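Inspection log for the structure reproduced underneath, given as structure tokens.
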Amino acid sequence: MSIVLLSILKSLALIILLLTGFAYLTYYERKLLARFHVRRGPNRAGPFGLLQPIADAVKAIFKEEIVPGHVDKLIYIVAPALSLIPALVIFAVIPIAPDLRLGGFTLQFHVADINVGLLYLAAIASVATYGIILGGWSSNNNYALLGSLRTAAQMISYELPFGLLLAAIILTTNIGREAGTLSLIEILNQPRPWWLWLWLWLAFPMFFITMLAESNRSPFDLPETENELIAGFQVEYGGIKFALFFMAEYISMITGSAIMATLFFGGWRGPFADPGTWYGPIVGFGWFFLKVVALLFVYIWVRASVPRIRYDQLLQFCWKVLTPLSIGYLVLTALIVVFVG
Amino acid sequence: MSGFKDVLDGAAEIAKAMGFTLKTLVSEPPVTVEYPDEPMTIYPRFRGRHELRRYENGLERCIGCCLCEAACPTGAIHVEAAENDPAHPTSPGERYASVYEVNLMRCIFCGDCEAACPTEAVVLGHTIDLAVYNRRDMLLTKEQLLNPPDPNTVIRGDW
């Protein structure tokens, strides 16, 4: 009973955290992009424009709900939620701070420690495609449908290098042990030798590119190319339903950064983030937060620097460059695990 | 193998682009003019809101000749002239403008009225904030034209 209640409370806290994170991520992105463009960004609502996300939320919520007459109503309404939920539930397996021990009671800062954590990541990331495809399909609009079909091709293609790189990371958990693990919490608790860190960081650029493509971020934001598809799958959506799609994109950015922080940069680990102490969780969460913010900065930095690529280039890059590279990386990792481990 | 070289070249280009944007981020302060808080910079011959001018002795320059009304390509100006009272003249000439209205919804800020005016009474000033809440407020009366607001602008020196 109490474990169910605790999980519900943790999920609620996580959702609130992520939605607030989304709101301030839009602020962070707008401010940063503005500075990249030698502009100022939002600065009228509240000090430094800090109330801007709240104003935007109020605006989105109070907009008139319009359901166009030519759409498939049920799917049209369900689709935004379907794209948002996977982005939220991925976070369940990511540890955001070390355990807190108070007397005999242990509070863990993750919702679920499942033994197939990485598989869960890959599975839920694929489910997110459904929301976008159904949104585009039910809109009954050429542009929306084209946008959503592109998303399908893009996400399925990039799942391949994503999965291969994940497999390589899973292989490294075998080093010096009888059996490897798929749990993110276990991976974080295993100490890695320094050469393994370097070897994993070699894969980080490739992994980052697949994460960019998975979350439909620039330069891979082909599903919503303004210049050819107006806004792709979102074209018939307005008000809070559009905001849900928007949230899905930004929360999957946060989730992607959190995954990368956990797999490549040690998650909450850092100086003074000692498990078992009273200050450990606070410092650990601080480190985790810093790493996620730094990775989000890279997302935005890429958006400010790299132009959107053409659709055939996108798929060519995936199939001709990224997939062979990640297969090679997987094979080399396997060799390292066999001969060194 | 040429594909592989393309990838390396592309990566180098992207690294260059990202280096450039990062340099911009850290080294260049924003160039935004925070307009209502800071004055806007305009050229000295900028054509903004209309103004009616006076002589130093307080008499109005406008003599009610209606040439601006005739010159206006959009019919934005409406002038009605009246005879000056010789004891208390409003303008130095025989007649003055009893009604002088500019409809800013019609005006295209071409400056023909300025050019047509024989006494340089009507000029296009430097006021640029013309937004109002009410359509009636777009119709400038003679009082508003004679008492222009302080323009929230500075004139560029480098022209």
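Values for this structure:
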| item | result |
| --- | --- |
| Segments classed as helices (runs of 4 or more DSSP H), wholly inside the range A:2-96, with at least 2 members that are under 26 Å from B:P29 (Cβ atoms) | A:2-36, A:52-61 |
| Qualifying positions in the range A:181-235 - under 20 Å from A:L171 (Cα atoms) and part of a loop (DSSP other than H, G, I, E, B) | A:T181, A:L182, A:S183, A:Q190, A:P191, A:R192, A:P193 |
| Residue among B:K23, B:K16 that alone is part of a helix (DSSP H, G or I), more than 30 Å from B:C113 (Cα to Cα) and more than 10 Å from chain A (Cβ to nearest Cβ) | B:K23 |
| Whichever residue in the range B:30-82 is among the basic types (K, R) and over 18 Å from B:E143 (Cα atoms) and, among such residues, is nearest to the chain's Cα centre (by Cα) | B:R47 |
| Extreme residue, nearest to the other protein chains (Cβ to nearest Cβ), among residues of the range A:277-295 that are of a type in the set (G, A, S) and surrounded by fewer than 19 Cβ atoms within 10 Å (Cβ to Cβ) | A:A294 |
| Number of the exception - A:A273 against (1) closer than 28 Å to A:S157 by Cβ; (2) modelled with pLDDT under 85 | (1) |
| Failed item, numbered, when A:V38 is tested on (1) touching a residue at least 60 places away in the same chain (Cβ under 8 Å); (2) surrounded by fewer than 19 Cβ atoms within 10 Å (Cβ to Cβ) | (1) |
| Residue tally, condition buried (at least 19 other Cβ atoms within 10 Å of the Cβ) and in a loop (DSSP other than H, G, I, E, B), over the range A:237-268 | 4 |
| Residue in the range A:83-94 that is closer than 28 Å to A:T172 by Cα and in contact with a Phe, Trp or Tyr (Cβ under 6 Å, 6 or more places away or on another chain) present | yes |
| Any hit, the range A:296-312, residues being without any contact (Cβ under 8 Å) to a residue 60 or more places away in the chain, surrounded by fewer than 16 Cβ atoms within 10 Å (Cβ to Cβ) and basic (K, R) | yes |
| Residue within the range A:196-217 that is under 18 Å from A:S252 (Cα atoms), at pLDDT below 85 and among the hydroxyl-bearing types (S, T, Y) present | yes |
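Per-residue answers, yes or no, for (1) within 13 Å of the chain's Cα centre (by Cα); (2) surrounded by 18 or more Cβ atoms within 10 Å (Cβ to Cβ):
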| position | (1), (2) |
| --- | --- |
| B:V99 | no, no |
| B:C107 | yes, yes |
| B:G111 | yes, no |
| B:A131 | yes, no |
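The values are calculated or read from the model by the stated rules, or taken from the named source; none is laboratory data. Just so it is clear, the structure is predicted and the values come from calculations on it, not from any experiment. As a convention, Cβ positions derive from the backbone with ideal geometry for all residues, glycine included, and neighbour counts pool all protein chains shown.
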